[in-house]
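**Q** Before I ask anything, here is the structure I am working with.
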Amino acid sequence: MKIKVCGMRDPQNILSLAEMKPDYMGLIFYPKSKRYIPNPDKAILASLPASINLTGVFVNELENEIVEKAMNFGLGAVQLHGEESPEYCRSLRTKLNKSNPDKHIELIKAFGIYPGFDFKALENYNDVVDYFLFDTKTSEHGGSGIAFDWTILDHYQGEKLFFLSGGLSPENIHGLLNIAINKIYALDLNSRFEIVPGLKNIESLRSAFQLIRANKIS
């Protein structure tokens, strides 16, 4: 089970989190987000362990803007959290590959989940993204701190692995084995582990990391 911590912004907070070596660390480049980070410190990002996959989060952004930030900040993954089409994803993936042929930049497509969500709509994305991310459907494009009904995932019949996001907290991650956990690639921890938006509670995260990595989440 991989761990992603999203919405990082404060330099010292980033370094403190890095000591726990999350698999993914998310930087939100969406200006309307409470966790928007317009210009991360390149020196700090460059000092992070190579095992941490820096992930840029974008919402309906211009392709060239994403490619530029991926190159400037050494992103290892790009997460699309808007209404990006399969065609957009295919085009962006091609540009990312051309801009850095020696490094595969993962593409993650997020979807807001709600009762009655049509998982068949994801089929056209299978060949153009590496992973899906399932979050709670809101108008804020993530970071709501609200968990969706995980039993909805019982209807997901796809083969592609996914990140689980949306209101994950120290209180509810115990119940993850009640869903199709074999399809979950990573857990995305964010707002429920914060002191204020963009500033994570490191001790709370440390406890969650220990729980997840010990597989004691039933």
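The values are calculated or read from the model by the stated rules, or taken from the named source; none is laboratory data. Only a predicted model underlies this, so the values are computations on that prediction, with no experimental measurement involved. A quick note on method: Cβ atoms are made from the backbone with ideal geometry, for glycine too, and the neighbour counts reach across all protein chains shown.
**Q** Only residues that are surrounded by 19 or more Cβ atoms within 10 Å (Cβ to Cβ) and either in contact with a Phe, Trp or Tyr (Cβ under 6 Å, 6 or more places away or on another chain) or without any contact (Cβ under 8 Å) to a residue 40 or more places away in the chain (or both): list them for region 120-130, please.
**A** LEU122, TYR125, listed by residue number.
**Q** Only one of (1) of a type outside the set (D, E, K, R); (2) within 19 Å of GLY26 (Cα to Cα); (3) surrounded by fewer than 19 Cβ atoms within 10 Å (Cβ to Cβ) is not met by VAL78, so which one is it?
**A** Of the numbered conditions (1) of a type outside the set (D, E, K, R); (2) within 19 Å of GLY26 (Cα to Cα); (3) surrounded by fewer than 19 Cβ atoms within 10 Å (Cβ to Cβ), the odd one out for VAL78 is (3).
**Q** Separate question: For a quick check of your reading: which strands (runs of 3 or more DSSP E) sit entirely within region 126-218 and have at least 2 residues that are at pLDDT 95 or above and either charged (D, E, K, R) or under 13 Å from the mean Cα position of the chain (by Cα) (or both)?
**A** In region 126-218, the matching strands (runs of 3 or more DSSP E) lie at 131-136, 162-164, 184-189.
**Q** Take TYR125 and decide whether it is over 27 Å from ASN182 (Cα atoms) and among the hydroxyl-bearing types (Ser, Thr, Tyr).
**A** No: the conditions fail for TYR125.
**Q** Of the conditions (1) in a loop (DSSP other than H, G, I, E, B); (2) at pLDDT below 90; (3) surrounded by 17 or more Cβ atoms within 10 Å (Cβ to Cβ), PHE117 fails just one. Which one is it?
**A** Against the list (1) in a loop (DSSP other than H, G, I, E, B); (2) at pLDDT below 90; (3) surrounded by 17 or more Cβ atoms within 10 Å (Cβ to Cβ), PHE117 comes up short only on (2).
**Q** Sticking with this structure for a sec: Of all residues in region 89-105, count the ones that are closer than 19 Å to PHE163 by Cβ and surrounded by fewer than 18 Cβ atoms within 10 Å (Cβ to Cβ). Explain how you work it out, then say what you get.
**A** So in region 89-105, the residues closer than 19 Å to PHE163 by Cβ come out as 89, 92-93, 96, 104-105.
Subsequent filtering for residues that are surrounded by fewer than 18 Cβ atoms within 10 Å (Cβ to Cβ) retains 104.
Residues meeting the conditions: 1.
**Q** Let me ask something additional. Against the condition within 28 Å of PHE193 (Cα to Cα) and touching a helix residue (DSSP H, G or I) at 6+ places or on another chain (Cβ under 9 Å), how does PHE148 come out, does it pass?
**A** Criteria not met by PHE148.
**Q** If you don't mind, another one. Going through LYS42, LYS109 one at a time, which residue ends up being among the basic types (Lys, Arg) and surrounded by fewer than 20 Cβ atoms within 10 Å (Cβ to Cβ)?
**A** Details: LYS109 fails: surrounded by fewer than 20 Cβ atoms within 10 Å (Cβ to Cβ).
None of the other options fit; the residue is LYS42.
**Q** Within region 18-39, track down each residue that is buried (at least 20 other Cβ atoms within 10 Å of the Cβ) and either touching a Pro at 6+ places or on another chain (Cβ under 8 Å) or under 12 Å from GLY198 (Cβ atoms) (or both).
**A** Result: GLY26, LEU27, ILE28, PHE29, SER33, ARG35, ILE37.
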